[in-house]
């Protein structure tokens, strides 16, 4: 145990935290995701973090990362503020539901379901190219749909630990016809209250390494704005293809977990 603690606090760990943060921040700004799909596995593989501690640390690091991302997208008017808050409210409630359902649902079946969902999304990204002029308007139809989307996102997060951006960004683009930039900026804003709420709970259960979260979060802040700038610079079709490649990586990770769970 002492050896693990030493590696988690030594120079190697510090450099690892910085590197993880730089990568997570770039992906967060580029794709409108929290970066947990990078932070959690790297903390576990490189620094022997417990899975729960890695998840809690990742969630805490997402707070400053997403905040910088929101500011970056807001400067270009690419954030739908009220829809994001609706999504966040639904996500917080859905996460509680997902956590309660967790002992009663097969994790293997859930993971395969999510892999199938990602396949559908990836195909959709090849077929639907978002317009940069499209906005997310709040109406009597889209309002309830956003609540449902937030709830579903939260339930998935509570059940299999999937970050909201992986679900929300493609849903806003494919189902709501939203600009990819608005979808990413809105997704990042949605994550902030959800991450704060989750971090408070994790702190109570001592599932957060505050030093690691601070280093990763601050490092991520330095590249999040760059990622957001790149997102606006690349062509929407190219952006879709890059996001599809990112989803393929996540799908492969989830498939391996499903296979290991069956064994």
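Annotations for the structure displayed:
- Residue list for the stretch 30-55, filter: more than 19 Å from residue 257 (Cβ to Cβ) and more than 11 Å from the chain's Cα centre (by Cα): 30, 47
- Check on residue 252, under 30 Å from residue 106 (Cβ atoms), free of Cβ contacts under 8 Å to residues at least 24 places away in the same chain and part of a helix (DSSP H, G or I): yes
- In the stretch 197-226, the residues that are farther than 17 Å from residue 33 by Cβ and surrounded by fewer than 18 Cβ atoms within 10 Å (Cβ to Cβ): 197, 200, 201, 203, 204, 205, 206, 210, 211, 214, 218, 222
- Qualifying residues in the stretch 157-184 (those that are part of a loop (DSSP other than H, G, I, E, B) and in contact (Cβ under 8 Å) with a residue 40 or more places away in the chain) - the one farthest from residue 240 (Cα to Cα): 161
- Qualifying residue in the stretch 83-100 (condition: free of Cβ contacts under 8 Å to residues at least 60 places away in the same chain and more than 30 Å from residue 218 (Cα to Cα)): yes
- Boolean, residue 154 is touching a residue at least 60 places away in the same chain (Cβ under 8 Å) and in a helix (DSSP H, G or I): yes
- Of all the residues in the stretch 118-132, those that are surrounded by fewer than 18 Cβ atoms within 10 Å (Cβ to Cβ) and either under 19 Å from the mean Cα position of the chain (by Cα) or over 22 Å from residue 153 (Cβ atoms) (or both) number 7.
- For the residues 158, 163, the requirement of being more than 22 Å from residue 75 (Cα to Cα), surrounded by 22 or more Cβ atoms within 10 Å (Cβ to Cβ) and either within 20 Å of the chain's Cα centre (by Cα) or at pLDDT 85 or above (or both) singles out 163.
The values are calculated or read from the model by the stated rules, or taken from the named source; none is laboratory data. Because the structure is a prediction, the values reported are computed rather than measured. Please note: Cβ atoms are built from the backbone with ideal geometry, for glycine as well, and neighbour counts cover all protein chains shown.
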